[in-house]
Amino acid sequence: MTANSKPAVGPPVGKLLDLAGETVLVTGASGNIGRAIALRLVEAGAEVVLHYHRDEASARALAAELGAKVVQADLTDAAAVDALFAASAATLLVNNAAAQPVQPLEGMDIDAWRGVLQANLDGPFLLVQQAARAWGAHGGAIVNVASIEGSDPAAGHAHYATSKAGLIMFSRAAALEYGPRGIRVNCISPGLIDREGLASGWPDGVARWLERAPLGRLGTPNDVADAVLFLLSPAARWISGANLAVDGGMSAQSRW
């Protein structure tokens, strides 16, 4: 922008979160967060394509509810990813699929380490490349779902936290390289998101979170979905390379 030029006028307020005419590929759509993302994007006017790896029943049930297309793929397989993206004809992309096993670093073998890094990084890498090739210079938007563990690891999550730290940096690198084509790449880092059985299965962890989180509650899948919608939408048209913490203020806590 030159000194005498005027900033571009954005869409009216009523259109800031409007995704009408867009097709969004949502990976990992059979899980609770993926489901919430898909529902919110459809509400915003988008068509969604639902990806799943193993949980076919959940993905197909959601597809029936939304009237959406559903596609199975192993995101660590480059040929499967190519076919997935081609079948989706996506104009927007949400990389949500992830593996989150719990295993102490002591005794973790190289296959377990590589398995999580492969599951959580290879898919976004391959899909972002595919999106950039397909979109050319027409632009588009990508949101990668990372975690606050990309900055603050939890015990038993050395492989998971490392993969999410890598995803945050990958999002920045992709934003840098693809920005000249009008492609925005952002990342969100959710905190502890509530799910069925969480409080009973991990009562001490939930109690610690509730004691320390400034906003005093667990996150919900819709909290994540709303952040994804924002970063895909025209409201975020000049935001790229960002990592948005969706964690109830937990990342604002002092570490000492």
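Helical runs assigned H by DSSP (4 residues or longer) give the chain a calculated mean residue ellipticity at 222 nm of -12000 deg cm²/dmol, each run adding -39500 (n - 2.57) before division by the residue total.
How charged is the neighbourhood of L92? Take every other residue with its Cβ under 12 Å from the Cβ of L92, and add Lys/Arg as +1 and Asp/Glu as -1. If you can, show how the numbers build up before the last one.
Values: positive: R184; negative: E22, E47.
Taking every other residue near L92 into account, the sum is -1.
For the options D111, D223, D55, a Gaussian network treatment of the chain with springs between C-alpha atoms closer than 10 Å singles out D111 as fluctuating the most.
Between the Cα long axis of helix 56-66 and the first principal axis of the chain there is an angle of about 40°, rounded to the nearest 10. The modelled label-to-label distance for the pair A64/D109, using points 7 Å beyond Cα in the direction of Cβ, is 4.0 nm.
Can you give the relative contact order of the chain as a percent, counting alpha carbon pairs under 8 Å and 6+ residues apart?
Details: 466 pairs, mean separation 50.1, N = 256.
Taking the mean separation of contacting Cα pairs over the length of the chain, I get 20 percent.
The chain: Rg/Rh from Cα coordinates, Kirkwood Rh? In the chain, Rg relative to Rh is 0.97. Local charge for L127 was computed over the other residues whose Cβ lies under 13 Å away, with Lys and Arg +1 and Asp and Glu -1, and equals -3.
If the chain linking E196 and R212 were pulled fully straight, counting 0.36 nm for each residue of separation and taking away their Cα-Cα distance, it would gain 3.6 nm.
Here, each number is a calculation from the coordinates, and none is a lab measurement. Computed from a predicted model, the values in this text were never measured in an experiment. With ideal geometry, Cβ positions are generated from the backbone for all residues, glycine too; neighbour counts draw on all protein chains shown.
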